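For reference, the structure is listed below as structure tokens.
The values are calculated or read from the model by the stated rules, or taken from the named source; none is laboratory data. Here the structure is a predicted model, which is why all the values come from computation and not from measurement. Neighbour counts are summed over all protein chains in view; Cβ atoms, including those assigned to glycine, are modelled from backbone coordinates with ideal geometry.
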Amino acid sequence: MGIFLLSPIAIVGIIVIALFLIVVFWYIGVMNKLRQLEVRVQEAESGIDVALTKRFDALTKMLDTTKGYAKHEAETLEKVIKWRKGIPSDATLQEKQEFSNSITEAVNGLNVVVERYPDLKANTTFINLQNSIMDAEEHLQAARRLFNANVRALNHRIVTFPQSIVAKRIGMERKDFFEAEESKRQDVKMEF
Amino acid sequence: MKEEKINKLEQLNKRRKRSTLFVVLGIASGIIAFILFASGSNIGVVPFIVGIVLVIIGFGTFSAVSHDFKNKFLKEMVDDIFEDANYYPKKGVDKNTVYRCNFLKKADRFHSEDLINGKIDGVNFQSSDLRLQERHVRHTKNGTQTYYVTYFLGRFFEFDFPKDFIGHLLVTEGRLMTSRRGLENIEMESIDFNKKFNTYSNNHHHAFYILTPHLMEAIMELERRHPGSILLCFLDNKFSLAINNHQDTFEIKMFRKIDQRLFIEMERDLLVVKEIVHELKLNRNIFK
């Protein structure tokens with residue numbers, strides 16, 4: 001009943017303030033959501049790092065084992081790997097992709113080598129490492145898919161109006177996807 | 001099918017027919033008794049008692065037929081289909097096995113039977129029928145009525161899962177019946193999969209690790225083949241599957257002929273276990 005006692009200017013003022021508050025709360029809500037999604041993307045990227053490191057470690061051990069049977073081939077394959085000491089802390093997503101591709105290339109090359117050495121193929125340690133690298137590969141695929149799913153969700157919000165206004169104001173830009181490995185789309189050609 | 005087996009089936013069917021006849025005659029006697037009572041005659045007591053006796057004999061005979069069918073034919077079928085498995089008609093899965101997944105709410109009445117356990121291609125499994133009922137209370141003018149509503153009737157399966165994973169992952173057709181308990185809703189990259197299923201997990205990475213594109217496709221295919229709703233749980237390196245198809249599998253019916261067709265249907269129901277193992281590639285234990 002009390003609202004009828006207010007002057008028209010006061011009513012307009014209340015409506016304006018209410019609208020302003022709605023916009024402020026919406027802005028904060030969207031900003032928080034975008035930040036949360038960004039954190040998820042970062043977490044997923046660290047998942048890629050973990051999987052890549054696991055894969056790299058398994059490959060290094062496999063190459064060490066291979067050296068006992070085919071020294072020259074193992075050393076050639078070692079040279080294919082982008083970084084010899086694992087992922088540097090300041091590596092970009094693009095570089096990680098290249099690193100991943102180089103590991104895949106080395107693994108594929110190793111699969112060719114192993115066919116020529118039946119003793120190596122039957123080596124228990126080597127078989128276990130092969131299983132471990134396959135598991136690491138599955139983890140990497142999972143990390144890549146999760147990363148891309150999070151990037152997709154974030155990018156979707158960044159480009160959708162009116163959330164795009166908030167994204168622009170807080171300087172959030174579209175993220176790149178972690179693409180499928182290039183070497184997987186090509187035939188393996190290894191020369192020793 | 002071997003001639004000897006066909007003859008045995010025919011014998012069993014004859015006994016089923018006899019049980020049906022007893023029940024039908026019992027019901028007819030009951031109707032006669034009702035008519036006699038309605039016309040004010042006390043002689044209706046005789047057909048009433050005869051009717052009850054006939055119905056009891058009929059159901060007793062049918063129960064024996066059902067027992068023989070399960071213990072002879074189904075057991076044999078299980079032995080033929082699975083290299084290393086056992087069938088227990090009266091046993092079922094343990095309550096804790098069902099509830100540990102937290103994808104089915106706790107029942108006021110829990111009933112499980114037709115347990116089959118063993119190994120397929122090196123994969124440990126168990127499967128059984130499951131009926132879950134919830135107690136309801138209705139207050140009427142005449143007092144309080146208690147009744148039970150079945151909210152799950154179907155099959156439950158549990159398999160070893162070939163990958164080592166951490167966390168808890170649930171995939172449900174429709175909304176989750178229970179509380180989420182720290183599980184978050186996850187959107188997979190497959191739009192079709194997300195449309196059909198809800199995915200909940202407390203570990204996003206492992207959810208993607210378990211649900212590979214192939215597994216998602218296989219789950220969708222499984223759902224297409226099995227009417228009703230399906231629930232999947234991945235926990236402690238086990239994979240559990242519940243299919244709520246409103247059917248009591250491996251039960252013969254009093255008014256249905258026991259013949260080769262029924263036999264083939266039961267065989268198909270048994271083969272579901274194999275189908276799951278192969279479709280979902282649960283026998284691919286390369287990571288262990």
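Matching residues to (1) within 12 Å of another protein chain (Cβ to nearest Cβ); (2) under 20 Å from A:Ala91 (Cα atoms):
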{"residue": "A:Ala153", "(1), (2)": "yes, no"}
{"residue": "A:Ile158", "(1), (2)": "no, no"}
{"residue": "A:Phe161", "(1), (2)": "no, no"}
{"residue": "A:Ile165", "(1), (2)": "no, no"}
{"residue": "A:Ile170", "(1), (2)": "no, no"}
{"residue": "A:Arg174", "(1), (2)": "no, yes"}
**Item:** Checklist (1) more than 23 Å from the chain's Cα centre (by Cα); (2) in contact (Cβ under 8 Å) with a residue 40 or more places away in the chain; (3) over 25 Å from A:Ser46 (Cα atoms) applied to B:Glu217, failing item
**Value:** (2)
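Provide a single number: the residues in segment B:154-175 that are within 14 Å of chain A (Cβ to nearest Cβ) and surrounded by fewer than 14 Cβ atoms within 10 Å (Cβ to Cβ). First the steps, then the outcome.
The first filter runs over segment B:154-175 and keeps only residues within 14 Å of chain A (Cβ to nearest Cβ), leaving B:161-167, B:169.
Still in the running and surrounded by fewer than 14 Cβ atoms within 10 Å (Cβ to Cβ): B:164, B:166.
Of the residues in segment B:154-175, 2 are within 14 Å of chain A (Cβ to nearest Cβ) and surrounded by fewer than 14 Cβ atoms within 10 Å (Cβ to Cβ).
Considering only segment B:99-128, state which residues are of a type outside the set (Phe, Trp, Tyr) and touching a residue at least 60 places away in the same chain (Cβ under 8 Å). Before the answer, list the steps.
Residues of segment B:99-128 of a type outside the set (Phe, Trp, Tyr): B:100-102, B:104-109, B:111-124, B:126-128.
B:Arg100, B:Cys101, B:Asn102, B:Leu104, B:Lys105, B:Asp114, B:Ile116, B:Ile120, B:Asp121, B:Gly122, B:Val123, B:Ser127 - these are the residues of segment B:99-128 that are of a type outside the set (Phe, Trp, Tyr) and touching a residue at least 60 places away in the same chain (Cβ under 8 Å).
Residue-wise test of (1) more than 14 Å from chain A (Cβ to nearest Cβ); (2) touching a strand residue (DSSP E or B) at 6+ places or on another chain (Cβ under 6 Å).
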| residue | (1), (2) |
| --- | --- |
| B:Met177 | yes, no |
| B:Leu183 | yes, yes |
| B:Asp192 | yes, no |
| B:Lys196 | yes, no |
| B:Ala207 | no, yes |
| B:Ile210 | no, yes |
| B:Leu222 | yes, no |
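Taking the stated definitions as given, is A:Phe99 away from chain B (no Cβ under 12 Å), under 14 Å from A:Glu45 (Cβ atoms), hydrophobic (A, V, I, L, M, F, W, C) and without any contact (Cβ under 8 Å) to a residue 60 or more places away in the chain? Working first, answer last.
Details: away from chain B (no Cβ under 12 Å): yes; under 14 Å from A:Glu45 (Cβ atoms): yes; hydrophobic (A, V, I, L, M, F, W, C): yes; without any contact (Cβ under 8 Å) to a residue 60 or more places away in the chain: yes.
Answer is yes for this residue.
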**Item:** Pair list, Cβ < 6 Å and 6+ apart or interchain, from segment B:243-270 residues that are more than 15 Å from B:Ile116 (Cα to Cα) and not assigned by TED's automatic domain parsing to the domain that holds B:Phe73 to residues that are among the aromatic types (Phe, Trp, Tyr) and not in a helix (DSSP H, G or I)
**Value:** B:Asn244/B:Phe152
**Request:** Please specify each residue of segment B:125-153 satisfying the condition of being surrounded by 13 or more Cβ atoms within 10 Å (Cβ to Cβ) and either among the aliphatic types (A, V, I, L, M) or at pLDDT below 90 (or both).
**Result:** B:Leu130, B:Leu132, B:Leu153
**Prompt:** Does segment B:97-110 contain any residue that is within 25 Å of B:Glu267 (Cα to Cα), surrounded by 14 or more Cβ atoms within 10 Å (Cβ to Cβ) and assigned by TED's automatic domain parsing to the domain that holds B:Asp269?
**Reply:** yes
**Complete:** Apart from one, (1) charged (D, E, K, R); (2) within 14 Å of chain B (Cβ to nearest Cβ); (3) surrounded by fewer than 17 Cβ atoms within 10 Å (Cβ to Cβ) all hold for A:Glu75; the odd one out is (2)
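Determine whether B:Met188 is within 14 Å of chain A (Cβ to nearest Cβ), assigned to a loop (DSSP other than H, G, I, E, B) and free of Cβ contacts under 8 Å to residues at least 60 places away in the same chain.
yes
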**Prompt:** Looking at (1) surrounded by 14 or more Cβ atoms within 10 Å (Cβ to Cβ); (2) in a helix (DSSP H, G or I); (3) free of Cβ contacts under 8 Å to residues at least 24 places away in the same chain, which is the one condition that is false for B:Glu4?
**Reply:** (1)
**Message:** Let me spell it out: the conditions are (1) touching a strand residue (DSSP E or B) at 6+ places or on another chain (Cβ under 6 Å); (2) more than 22 Å from B:Arg175 (Cα to Cα); (3) not aliphatic (A, V, I, L, M), and B:Thr150 meets all of them except one. Which number is the exception?
**Reply:** (2)
**Request:** Being surrounded by fewer than 18 Cβ atoms within 10 Å (Cβ to Cβ) and of a type in the set (Ser, Thr, Tyr) is the filter here, so list the residues in segment B:48-96 that pass it.
**Result:** B:Ser63, B:Tyr88
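Could you check, for segment B:273-281, whether at least one of its residues is more than 20 Å from B:Asn13 (Cα to Cα), assigned to a loop (DSSP other than H, G, I, E, B) and within 14 Å of chain A (Cβ to nearest Cβ)? Step through it out loud before you land on a result.
First, the residues of segment B:273-281 that are more than 20 Å from B:Asn13 (Cα to Cα): B:273-281.
In the following step, the residues that additionally are assigned to a loop (DSSP other than H, G, I, E, B) were identified as B:280-281.
Narrowing the set further to residues that are within 14 Å of chain A (Cβ to nearest Cβ) leaves B:281.
The answer is yes; a qualifying residue exists.
For segment A:85-186, give me every one of the helices (runs of 4 or more DSSP H) that falls completely inside it and has 1 or more residues that are out of contact with any His (no Cβ under 7 Å at 6 or more places or on another chain) and modelled with pLDDT of 85 or more. Don't jump to the end; show me each part of the working.
Values: elements: A:93-116, A:118-122, A:124-159, A:163-169.
Result: A:124-159, A:163-169.
Just to be sure I understand, how many residues within segment A:58-78 are farther than 19 Å from A:Arg116 by Cβ and without any contact (Cβ under 8 Å) to a residue 60 or more places away in the chain? Explain how you work it out, then say what you get.
Filtering segment A:58-78 down to residues farther than 19 Å from A:Arg116 by Cβ leaves A:58, A:60-61.
Filter once more, keeping what is without any contact (Cβ under 8 Å) to a residue 60 or more places away in the chain: A:60.
Residues in segment A:58-78 being farther than 19 Å from A:Arg116 by Cβ and without any contact (Cβ under 8 Å) to a residue 60 or more places away in the chain: 1 in total.
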**Asked** Within segment A:30-50, how many residues are more than 14 Å from chain B (Cβ to nearest Cβ) and either out of contact with any helix residue (DSSP H, G or I) (no Cβ under 9 Å at 6 or more places or on another chain) or polar (S, T, N, Q) (or both)?
**Response** 2
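Could you list, in sequence order, all residues of segment B:65-102 that are aromatic (Phe, Trp, Tyr) and closer than 30 Å to B:Phe22 by Cβ?
The initial filter retains those residues of segment B:65-102 that are aromatic (Phe, Trp, Tyr), namely B:69, B:73, B:82, B:87-88, B:99.
Of everything in segment B:65-102, those that are aromatic (Phe, Trp, Tyr) and closer than 30 Å to B:Phe22 by Cβ turn out to be B:Phe69, B:Phe73, B:Tyr87, B:Tyr88.
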**Asked** Mind checking which residues of segment B:237-272 are closer than 14 Å to B:Phe161 by Cα and in a loop (DSSP other than H, G, I, E, B)?
**Response** B:Asn237
